[in-house]
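The values are calculated or read from the model by the stated rules, or taken from the named source; none is laboratory data. For clarity, every value in this text was computed on a predicted model and none was experimentally measured. As a convention, Cβ positions derive from the backbone with ideal geometry for all residues, glycine included, and neighbour counts pool all protein chains shown. Accessible surface areas use protein heavy atoms only, side chains included; no ligands, DNA or RNA. Shrake-Rupley method; radii C 1.70, N 1.55, O 1.52, S 1.80 Å.
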Amino acid sequence: MAMLPDALYHYYACARGPFRNLSDLPPEEAEAILSAIRQKGEGFASRRQADYLTIRRQLETFVRARFIEKGGQPRRERPHYMILGACDWVKSWYTAGCEIHIPLAKFRPEQVSFTYGDTFPAMRCADGKPYRRQVYGLAELPDLIERFGLPQDWNADGSQGPDRYIEAQVWDDTPLRP
């Protein structure tokens, strides 16, 4: 059986703090912040496409609906994003990157969903991989990793495609509090 990482990781700009979520803001305010990030030209977020926030909201709505179908009970309209296991590549997205890791045991199954890869490629790539357009629950992770491996292990440098980690969508603020 595959080894399941024991924590979820969240990477962020140290200067801004953790769990600062553009999706929580009104669209105009979120776009203004993203525009300022683009103008500075710093970090990964500065390279996001013009319609990034529109697509992100559509994908979040889709993932939330699939999660509810699987028995999820989201308390948030939009998720906070974390990663199953460590992924130093994501920390490099930030000029001064920080990380928080929270034991997986602190999350109840109805609070967190997963996509194999970042939500964008997981939901939008049309390459025929069986994990595309799929939302997974906590109980499905061991089989998922057994079948496909942990992307951080087999694709750390991104040379094998867009899947570089398993993304966690956290739908409840409770496990994120100290």
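Looking at (1) open to solvent by less than 60 Å² (accessible area, probe 1.4 Å); (2) at pLDDT below 95; (3) assigned to a helix (DSSP H, G or I), which one does residue 2 not meet, given that it meets all the others?
Only one criterion in (1) open to solvent by less than 60 Å² (accessible area, probe 1.4 Å); (2) at pLDDT below 95; (3) assigned to a helix (DSSP H, G or I) is unmet by residue 2, namely (3).
Has the stretch 79-89 got any residue that is within 17 Å of residue 4 (Cα to Cα), under 16 Å from the mean Cα position of the chain (by Cα), at pLDDT below 95 and not small (Gly, Ala, Ser)?
Yes: one or more hits.
Which of the residues spanning the stretch 63-92 are open to solvent by less than 70 Å² (accessible area, probe 1.4 Å) and part of a loop (DSSP other than H, G, I, E, B)?
Across the stretch 63-92, the qualifying residues are 71, 72, 74, 76, 78, 79, 85, 86, 87.
Between 128, 97, 137, 117, which is open to solvent by less than 50 Å² (accessible area, probe 1.4 Å), of a type outside the set (A, V, I, L, M) and at positive phi?
117
Within the stretch 119-135, which residues are touching a helix residue (DSSP H, G or I) at 6+ places or on another chain (Cβ under 6 Å) and outside any loop (DSSP other than H, G, I, E, B)?
119, 123
Has the stretch 41-58 got at least one residue that is modelled with pLDDT of 90 or more and exposed (fewer than 15 other Cβ atoms within 10 Å of the Cβ)?
Within the stretch 41-58 (the criterion being modelled with pLDDT of 90 or more and exposed (fewer than 15 other Cβ atoms within 10 Å of the Cβ)), the answer is yes, since at least one residue qualifies.
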